[in-house]
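The values are calculated or read from the model by the stated rules, or taken from the named source; none is laboratory data. Bear in mind the structure is a predicted one, so any value in this text is a computation, not a measurement. Positions of Cβ are generated from backbone atoms using ideal geometry, with glycine treated the same way; all protein chains shown enter the neighbour counts. Keep in mind that these areas ignore ligands, DNA and RNA; they rest on the heavy atoms of the full protein, side chains included. Shrake-Rupley method; radii C 1.70, N 1.55, O 1.52, S 1.80 Å.
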Amino acid sequence: MLKFRDITLRDREAVMPMVQDFYQTDAVLHPAPPEVLERTFRAAADHGEPLLRGVLILDGEEPAGYLYITQCYSAEVGGRCVFLEELYLLPRFRGRGWGGQIMAWIEEQYPTARRFRLEVNEVNQGAVRVYEKAGYRYLRYEQMVVDKIK
C-alpha cells in the first residue's frame with residue numbers, strides 16, 4: 001500500500017542512497033557535490049525549514065522512494081507555485097502505476113497552488129509519460145543562474 005510521510009533525520013540511511021542514485025540517472029543533467037546533497041537532506045528533514053519539504057514514499061512500511069518539494073510565488077499565474085524538485089522511486093518499485101497516485105497526492109497536499117512545476121530530461125521518457133498523463137505540459141524557458149555555493 002502506497003503511503004507518504006515527512007522525512008526525519010532518522011531516515012538518512014534510507015534516503016541518502018536514493019538521492020545519490022538519483023544524481024547518477026538520466027533525470028539529472030547537472031551534478032551536485034556530496035556536501036550539497038547532504039545539506040539538502042538536512043534541510044528537507046528540518047520541519048522548521050519553510051522552503052523545502054522532504055517526503056518518504058513507502059510501500060507499507062518499506063521505503064520505496066522520496067520527494068523534495070519547494071514552493072514560491074509565481075507572478076505569471078498570480079499565486080503559489082509548487083515545484084517538484086526531485087521524485088525518485090527505487091527500481092524495484094517502478095512500473096507499478098504509482099506515478100499518477102504520487103502526482104495526485106502532491107496536488108491534494110497543496111490545494112491552493114495555482115501551478116505545479118517540475119523539470120524533466122526528455123531522455124527520461126518514462127517520467128515524461130507519467131507527467132503528461134497527470135496533465136503536465138512543457139513550459140519552455142531558457143534558464144540563467146549564478147550559484148553562490150561555498
**Item:** Value of [θ]222 nm, deg cm²/dmol, for the chain, DSSP H segments ≥ 4, -39500 (n - 2.57) each, nearest 500
**Value:** -9000 deg cm²/dmol
**Residue (of Tyr88, Ala127, Ala113) at the positive-pole extreme of the chain, dipole from beta-carbon charges** = Ala113
**Asked** Sorted by average packing, counted as other Cβ atoms within 10 angstrom per residue and highest first, what order do 106-114, 49-57 take?
**Response** 49-57, 106-114
**Request:** Identify which of Ala127, Ala32, Ala44 has the largest mean-square fluctuation in a Gaussian network model of the chain, with springs joining Cα atoms closer than 10 Å.
**Result:** Ala32
**Request:** Quick one: which residues, 5+ away or cross-chain, put their amide H under 5 Å from the amide H of Glu86? H built at 1.01 Å from N.
**Result:** Tyr68
**Asked** Distance in nm between label sites at Arg10 and Val36, each 7 Å beyond Cα in the beta-carbon direction?
**Response** 3.1 nm
**Complete:** One finds the C-alpha centres of the range 1-60 and the range 78-105 to be spaced, in Å, by 13 Å
**Prompt:** Using the heavy atoms of the protein chains alone and a 1.4 angstrom probe, what is the accessible area of the range 1-145 per residue in square angstrom?
**Reply:** 62 Å²
**Prompt:** For the range 28-150, what % of the accessible area comes from carbon and sulfur atoms, probe 1.4 Å?
**Reply:** 52 percent
**Asked** How many nm is it between the label spots at Arg114 and Leu51, if each spot is 7 Å from the Cα in line with the beta carbon?
**Response** 2.1 nm
**Item:** Simple spin-label estimate for Val128 and Glu107 in nanometres, 7 Å along Cα-Cβ
**Value:** 2.2 nm
**Item:** Overall form of the range 17-70 per C-alpha gyration tensor (a/c, 1.5; a/b vs b/c)
**Value:** oblate
**Request:** With +1 on each Lys and Arg Cβ and -1 on each Asp and Glu Cβ, and nothing else charged, work out how big the dipole of the chain is about its Cα centre, in Debye to the nearest 20.
**Result:** 320 debye
**Prompt:** Just going by the charge dipole of the chain, with Lys and Arg at +1 and Asp and Glu at -1 on Cβ, which of Met18, Gly99, Val55 is farthest out on the positive end?
**Reply:** Gly99
**Message:** Let me make sure I get this right: for the chain, a, b and c are the square roots of the gyration tensor eigenvalues over alpha carbons, sorted descending. Under 1.5 in a/c it's rounded, otherwise prolate if a/b > b/c, else oblate. Which is it?
**Reply:** rounded
**Message:** Taking R0 as 41 Å, what FRET efficiency do you get between Val145 and Met1 from their Cβ-Cβ distance, rounded to the nearest 0.05?
**Reply:** 0.55
**Complete:** One can check that the equivalent ellipsoid of the range 84-145, built from the alpha-carbon gyration tensor with semi-axes equal to the square roots of five times its eigenvalues, has lengths in Å, largest first, of 20, 17, 11
